[in-house]
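The values are calculated or read from the model by the stated rules, or taken from the named source; none is laboratory data. All values reported here derive from a predicted model rather than from experimental measurement. Using ideal geometry, Cβ is built from the backbone for each residue, glycine included, and neighbour counts are taken over all protein chains shown.
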Amino acid sequence: MVKIEGNDFPEDLYYHRDHMWVKVEGDKVRVGYNDWAQEAAGKLLNLNTKKVGRSVKSGKTLGTVESGKWVGPLKSPVSGEIAEVNEEARKEPSVINDDPYGNGWVAVISPSDLEAELGDLIKGSDGAELESWLAAEKAKHT
Amino acid sequence: MESWRLLNLGYSTPLVAQTFYEAVAEAVHRGVSPNTLILLQPDSPYACLGYHQDLEKEMDLEFCEESGLPIIRRSQGGGATYLDRDQVFYQIVSRGSEIVPRNIDAMFERLLSVTVETYRRLGVPAEFKPLNDVVVEGRKISGNGAGMHESASILVGNVILDLNYDLMARVLRVPDEKFRDKMASSMREWVSTLKRELGEIPPVEKVHYTYAAVFEELLGVELHREEPTEEEWRIFEEETKPRHNSREWLYMEVPPSQAKEGRAVKIAHEVKVVEADHKAAKLIRIRAEVKGGEILSAQVRGDFFALPKEAVFRLEEALTGVRLEESAVSDVVERFYDETDVQIPRISPGDFTTAIMKVKGLF
């Protein structure tokens, strides 16, 4: 587990610059909201996602989240078709705050161009790259 | 020092008042418009729904239709409300600005400091209340919501000159008129206005001037008065307006987090009026006004039969001021049984505790 300024970034995941994580599971990927983003958003009250069967594109809308009075987009980290969405998280979105890489996953996607797109993501094992990306994000926003 | 644009759109139609900033956000995202502060007022009344809210659950659609009140689902968070000419809107749209933190709590705190100082200069001792409220002596005095449009950050809110409390309560869907009355009286108690605080409404121009001056001073930006660009009006006409006029948008399917049983209406910072049902062998219905974790007042009804009948009023009285914690609630219920010797067939003290604790689930 990589810990960057207090936030967790597990090494076996990939990270999209719009604050989504990707876990490769056979021919599918599981995706979610990263630890830094959930903390920046605050306690989540709503999670809405596109439906199972709908297609998504990397960097385009997968859904929306709401913490008290703030609505933010969830961007899909890969292109493909939504195979599953986390109904428990849709009912109780604060599970994303409690366990962003476990029970707080958002969706499972059947990717259409995974090999090429993984190349655009930051590898969790690349601590230096993760750190410099997150430092730049924080510099922009604090 | 950052240079920002000021758009003062004056009195605008409800759709422009509530959604034009989305077109500005799209233009800001595309990099063709600068960071912008918009000031305006709606020129006529409308009802407004939070982005993730369930239209039919929140709004009294029949009333809105009969009264010709448009309903707009805003793209920002927060709850259902009624708006009219007596609120001055500020809409802050930016991208990559150093004065707008990405951390949401920090963003609200910094941008709402402008609202707080504006009220103070108008003569009202307003304060920021974490996470995102502006209050005067504990009462709400400004409504706010925020969000992201692609790379653009948005905060919208209002300076409340005056408020039509009755219409505010009237546009919302409620279980019955008693609930509505409770809601209206709670709004009167917990939401204030410049008119109430000052005894009169200051001129709209003075509110604009004060807000813009404070915005420049506190945030360290320079505002330049301009008009919207042709590109922004084009985005508004071709993208924003059709989206908001579509049935898909207004009747948007909402997440199951909105589908909780019972009814809860947020009145102000930490204050809600709620109704929760517990179906034991008989129905127990609790209505309560709650602030933070504390019951301000409660009503206990249902189809159970209590002997003596008046005993239930003792329970209602005893619930005032009680914290919504299982042990505290069950103590009150036990004491109520002990002190009144009440007989309630097929209902146990535990059923009352469960019913009352359901209120907490709606908070």
> For region A:41-142, which helices (runs of 4 or more DSSP H) that fit wholly inside it have 1 or more residues that are without any contact (Cβ under 8 Å) to a residue 60 or more places away in the chain and touching a Pro at 6+ places or on another chain (Cβ under 9 Å)?
Replying inline: A:87-91, A:114-118
> Which number in (1) touching a helix residue (DSSP H, G or I) at 6+ places or on another chain (Cβ under 7 Å); (2) farther than 21 Å from B:D86 by Cβ marks the one condition that B:D162 misses?
Replying inline: (2)
>> Take B:G157 and tell me if it is modelled with pLDDT of 95 or more, within 19 Å of B:K195 (Cα to Cα) and either within 13 Å of chain A (Cβ to nearest Cβ) or part of a strand (DSSP E or B) (or both).
In response: yes
> Which of the residues belonging to region B:95-120 are charged (D, E, K, R), in a helix (DSSP H, G or I) and at pLDDT 95 or above?
Replying inline: B:E109, B:R110, B:E117, B:R120
>> Looking at B:L163 and the list (1) over 25 Å from B:Q91 (Cβ atoms); (2) in contact with a strand residue (DSSP E or B) (Cβ under 7 Å, 6 or more places away or on another chain), which single condition is not satisfied?
In response: (1)
> Within region B:1-60, which residues are closer than 30 Å to B:S257 by Cβ and charged (D, E, K, R)?
Replying inline: B:E22, B:E26, B:D54, B:E56, B:K57, B:E58, B:D60
>> Can you go through B:L218, B:L172 and tell me which one is crowded, with 20+ Cβ neighbours inside 10 Å and not charged (D, E, K, R)?
In response: B:L172
> Of everything in region B:36-67 that's within 14 Å of chain A (Cβ to nearest Cβ) and part of a loop (DSSP other than H, G, I, E, B), which residue is surrounded by the fewest Cβ atoms within 10 Å (Cβ to Cβ)?
Replying inline: B:D54
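Being crowded, with 16+ Cβ neighbours inside 10 Å and without any contact (Cβ under 8 Å) to a residue 24 or more places away in the chain narrows it down to one of B:E289, B:E232, B:E270, so name that one.
Every option except B:E270 fails the conditions.
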> Out of all the residues in region B:337-363, which are of a type in the set (K, R) and crowded, with 16+ Cβ neighbours inside 10 Å?
Replying inline: B:K358, B:K360
>> Could you check region B:73-97 and list, in sequence order, the residues that are more than 12 Å from every other protein chain (Cβ to nearest Cβ) and touching a Leu at 6+ places or on another chain (Cβ under 7 Å)?
In response: B:A80, B:Y82, B:D86, B:Q87, B:V88, B:F89, B:Y90, B:I92
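Can you tell me how many residues in region B:235-251 are surrounded by 17 or more Cβ atoms within 10 Å (Cβ to Cβ) and in contact with a strand residue (DSSP E or B) (Cβ under 7 Å, 6 or more places away or on another chain)? Give the steps one after another, and end with the answer.
Step one: list which residues in region B:235-251 are surrounded by 17 or more Cβ atoms within 10 Å (Cβ to Cβ), which gives B:235-236, B:240-241, B:244.
Okay, now just the ones that are also in contact with a strand residue (DSSP E or B) (Cβ under 7 Å, 6 or more places away or on another chain), so B:244.
Residues meeting the conditions: 1.
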> within 36 Å of the chain's Cα centre (by Cα) and aliphatic (A, V, I, L, M): does that describe B:V342?
Replying inline: no
>> Suppose we filter region B:312-354 for residues that are in a helix (DSSP H, G or I) and either in contact with a His (Cβ under 9 Å, 6 or more places away or on another chain) or among the basic types (K, R) (or both); how many remain?
In response: 5
